[in-house]
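These notes are about the structure you will find just below.
The values are calculated or read from the model by the stated rules, or taken from the named source; none is laboratory data. Only a predicted model underlies this, so the values are computations on that prediction, with no experimental measurement involved. Here the Cβ is made from the backbone with ideal geometry for all residues, glycine too, and neighbour counts use every protein chain on show.
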Amino acid sequence: MRHTTGAVLAFAALHLAASTFVEAPSIVMGILLTVLISAPLIWWAYEYQLYVKALDELQSLLSLQAIAISAGVALMIGAVWNVAEKYLGVPHLNAAMLLPIAVLVHATVLSYLARRYQ
Amino acid sequence: MKNNLRELRAACGWSQQVLGERLEVSRQTINALETGKYDPSIRLAFKIARMFDRPVEEIFFDES
């Protein structure tokens, strides 16, 4: 879906800009930053559910399967990485990184599933 | 499940794309149905049956 890359990039750019230029924000600024940085993702989630609703039954099924698998993989990576952080001392994984990981897995899985039905 | 969707479509001289448009599904779905990789929902099965004016069980049948 064409908006995915833009939304993830916007989120990443806003997140990076805020963490670079904003230090110790007030409560109000913190709320504004949270809403602003999350906005591309919330908009993307809304657009994606409209997109899936407009698909036919097979394409919708494949999309939902891809979402389920990508969410599961991202959660597994987060959980395993957390254990590795504790016992292996690997660098801390920012939770925000799980989203681009899920997006990548989703694209890969959807591509594989779609090819099975070509 | 097996089906004779391909034969019915060919008899009408329709491409997979055309049949997909008539059924409001993608060409990919039509191909998946014809190759037996996907079984349609009840709604789609009845839609197909109405389109070809045949009972559902004449178009889709159990492999056993």
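Taken over the range B:33-42, the criterion of being at the interface with chain A (Cβ under 8 Å from one of its Cβ atoms) and loosely packed, with under 15 Cβ neighbours inside 10 Å is satisfied by B:LYS37, B:SER41.
Considering A:GLN49, A:GLN59, the condition of being within 14 Å of another protein chain (Cβ to nearest Cβ) and not small (Gly, Ala, Ser) is satisfied by A:GLN59 alone. Among residues of the range A:1-22 that are over 30 Å from A:LEU55 (Cα atoms), those with a beta-carbon under 8 Å from a residue that is among the β-branched types (Val, Ile, Thr) and surrounded by 14 or more Cβ atoms within 10 Å (Cβ to Cβ) at least six positions away or on a different chain give the pairs A:LEU14/A:ILE37; A:HIS15/A:ILE37; A:ALA18/A:ILE37.
A single entry from B:ILE30, B:ILE48, B:ILE59 fulfils the requirement of being away from chain A (no Cβ under 11 Å), in contact with a Leu (Cβ under 8 Å, 6 or more places away or on another chain) and closer than 19 Å to A:LEU55 by Cβ: B:ILE48. In the range B:24-44, the condition of being part of a helix (DSSP H, G or I) and more than 17 Å from A:LEU58 (Cα to Cα) is met by no residue.
If I filter the range A:49-63 for residues that are on the phi > 0 side of the Ramachandran plot, at pLDDT below 90 and not β-branched (Val, Ile, Thr), do I get at least one hit? No, because not a single residue in the range A:49-63 is on the phi > 0 side of the Ramachandran plot, at pLDDT below 90 and not β-branched (Val, Ile, Thr). Across the range B:6-23, the number of residues qualifying as more than 14 Å from chain A (Cβ to nearest Cβ) and in a helix (DSSP H, G or I) comes to 8.
With respect to the stated conditions, A:VAL90 is free of Cβ contacts under 8 Å to residues at least 24 places away in the same chain and assigned to a loop (DSSP other than H, G, I, E, B).
Here is the figure for the range B:30-64: residues that are hydroxyl-bearing (Ser, Thr, Tyr) and either touching a Gly at 6+ places or on another chain (Cβ under 6 Å) or touching a residue at least 12 places away in the same chain (Cβ under 8 Å) (or both) total 0.
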